[in-house]
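The values are calculated or read from the model by the stated rules, or taken from the named source; none is laboratory data. If you're wondering where the values come from, they're calculated on a predicted model, not measured in any experiment. Every residue, glycine among them, receives a Cβ derived from its backbone with ideal geometry; neighbour counts consider all protein chains shown.
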Amino acid sequence: MKLRKQAKILHTGLVPLLLLLVLLLASCGSSHNVNNGTKGVRGSVQSGLGSYYADKFNGRPTASGSTYRPGQMTAAHNTLPFGTLIRVTNTRNGRSVDVTVTDRGPHTKGYIVDVSRRAAVQLGIIEAGVVPVQVTVIREAADNR
């Protein structure tokens, strides 16, 4: 009888603790989304950190199958469909560029976009390497309309 009572106490104390843990983990996020910015809907906005491709990726294939070229206006985003045209704004200096999503990434927590070197120069992020950015969907990918 004593063993059954101890099991019941353990069970009733453990379940609420596990529920609390699940809720806390579910509330963790790496970026702030407005209008569910990861669906690719025109006008949706996402804020977080932005960086740019390292030179070593020049000539390598992207996740979409195209070849990365630093002189093109392209970007990597983890969830937006390939071909989506986005506006990336450096919120430190207000500069913006329009780039096309051709790759997946960045793969670092809190980062929402990697841009090509040409876009990074226009945004003024080469020296800093990482800056706070806002990403706005300008045109949905052709297969997402």
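Looking at region 111-127, is at least one residue part of a loop (DSSP other than H, G, I, E, B), at pLDDT below 95 and either charged (D, E, K, R) or closer than 15 Å to Ser47 by Cβ (or both)?
yes
Could you list all residues from region 84-94 that are part of a loop (DSSP other than H, G, I, E, B) and touching a strand residue (DSSP E or B) at 6+ places or on another chain (Cβ under 7 Å)? If you could, list the steps in order and put the result at the bottom.
Just the residues of region 84-94 that are part of a loop (DSSP other than H, G, I, E, B), to begin with: 84, 91-94.
Correct list: Thr84, Thr91, Arg92.
Quick one: which residue in Thr67, Thr102 is more than 19 Å from Gly129 (Cα to Cα) and touching a Phe, Trp or Tyr at 6+ places or on another chain (Cβ under 7 Å)? Please lay out each step first, then the result.
Numbers: Thr67 fails: touching a Phe, Trp or Tyr at 6+ places or on another chain (Cβ under 7 Å).
None of the other options fit; the residue is Thr102.
Okay, residues lined up against (1) crowded, with 20+ Cβ neighbours inside 10 Å; (2) touching an Asp or Glu at 6+ places or on another chain (Cβ under 9 Å); (3) not polar (S, T, N, Q):
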residue	(1), (2), (3)
Val99	yes, no, yes
Asp103	yes, yes, yes
Ile112	yes, no, yes
Gly124	no, no, yes
Glu127	no, no, yes
Gln134	yes, no, no
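May I ask you to list pairs of residues, at least six apart or on different chains, whose Cβ atoms are under 7 Å apart, with the first in region 86-115 being touching a residue at least 60 places away in the same chain (Cβ under 8 Å) and the second being part of a loop (DSSP other than H, G, I, E, B) and of a type in the set (S, T, N, Q)?
From residues that are touching a residue at least 60 places away in the same chain (Cβ under 8 Å), the pairs are Lys109/Ser30; Gly110/Ser30; Gly110/Ser31; Ile112/Ser31.
How do the pairs read when you match residues in region 62-79 that are farther than 22 Å from Thr108 by Cα with residues anywhere that are β-branched (Val, Ile, Thr), using Cβ under 8 Å and keeping only pairs 6 or more apart or on different chains?
Ser66/Thr74; Ser66/Thr102
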